[in-house]
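The values are calculated or read from the model by the stated rules, or taken from the named source; none is laboratory data. Computed from a predicted structure; not experimentally measured. Every residue, glycine as well, gets a Cβ built from its backbone with ideal geometry; the counts of neighbours run over all protein chains shown. For accessibility, only protein heavy atoms count, side chains too; no ligands or nucleic acids. Shrake-Rupley method; radii C 1.70, N 1.55, O 1.52, S 1.80 Å.
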Amino acid sequence: MGVPMSSASVDAIVKVGGSLITRKSEPMSADVEAMSEVSRALSRAGRLVVVHGGGSFGHSVALSRGLSSSGASRDAEGASATRLAMHELSTLFLRELSAAGLRPFLIHASRPDSAEFWDGAASLVRDLLGLGVTPVTHGDVGVTRGGFRIVGGDEICLRLAERLRPPRVVFLMDVPGVLRDPRDPSSYVEELDPDGARAMAAGLSGADATGGISAKLSFAASIADLGVDVYLVSGRSTPDVLKATAGGRPRGTMVRDR
Ligand code: IPE
């Protein structure tokens, strides 16, 4: 079926970290205030693709069921329960995006290891933007060879960036960048090249279902390898969210191929 529509380009892919929109210490606990604040900031940006994380919804269920991004699982009940948790979180966030004036349109990352799937998703995203809605997706449970696996939002950003080639990918977090000292928010690294990001990733550990900050830095490096600038900034700072999505230099960590 031909789809003769005006498809549009992407100004930025924005990953809204689960740490920002949920309370990570408490299972299934959403931070609706934070969702509302970040939604208002995003409503002032250009043409975005929004990807959100799982935080205390997806990760708590996935971890309790032994589901992760590495390796397939045949746990049908666990896969269904994890997807339901993500659905609940997503509904809350979509409401806030909508209340802020965006027109969110949810799509799913159902076959994370299929190139054809991502080709189709990228083409759908372009068409959705051309139709005036904001494509939204989230870290999810996908189907792969041998069963189910978790696909994190950071991985989704890489797969979409490979195809959409936006000028930038922005990771919104609950800290103002990649920190040298996790207890000191002012210790963020200003700039890394892809190799520097990979070296830093190797020294960090990942404690959740998708590898935490270490995996995030590896994905950021792969995105920067494409020639796409990556910013890791605080999602609690509206000026930095606006700069990061609109083309300025926000406070935070930039990963760029020099
Ligand atoms: C996790 O997505 C999704 C599930 C566990 C189902 P992310 O890995 O993108 O989530 P955050 O941003 O780290 O919370």
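Below is a table of values for the structure above.
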quantity: Residue match in the range 7-16 (condition: over 19 Å from A246 (Cβ atoms), of a type outside the set (A, V, I, L, M) and at pLDDT below 95); calculated: yes
quantity: Yes/no for H52 being over 22 Å from R163 (Cβ atoms) and modelled with pLDDT of 95 or more; calculated: no
quantity: Of the criteria (1) open to solvent by less than 10 Å² (accessible area, probe 1.4 Å); (2) within 16 Å of the ligand (Cβ to nearest atom); (3) part of a helix (DSSP H, G or I), which one K216 fails; calculated: (1)
quantity: Residues that are surrounded by fewer than 19 Cβ atoms within 10 Å (Cβ to Cβ) and among the hydrophobic types (A, V, I, L, M, F, W, C), drawn from the range 85-100; calculated: L92, A99, A100
quantity: Test for A221: is it more than 16 Å from the ligand (Cβ to nearest atom) and under 28 Å from A121 (Cα atoms); calculated: yes
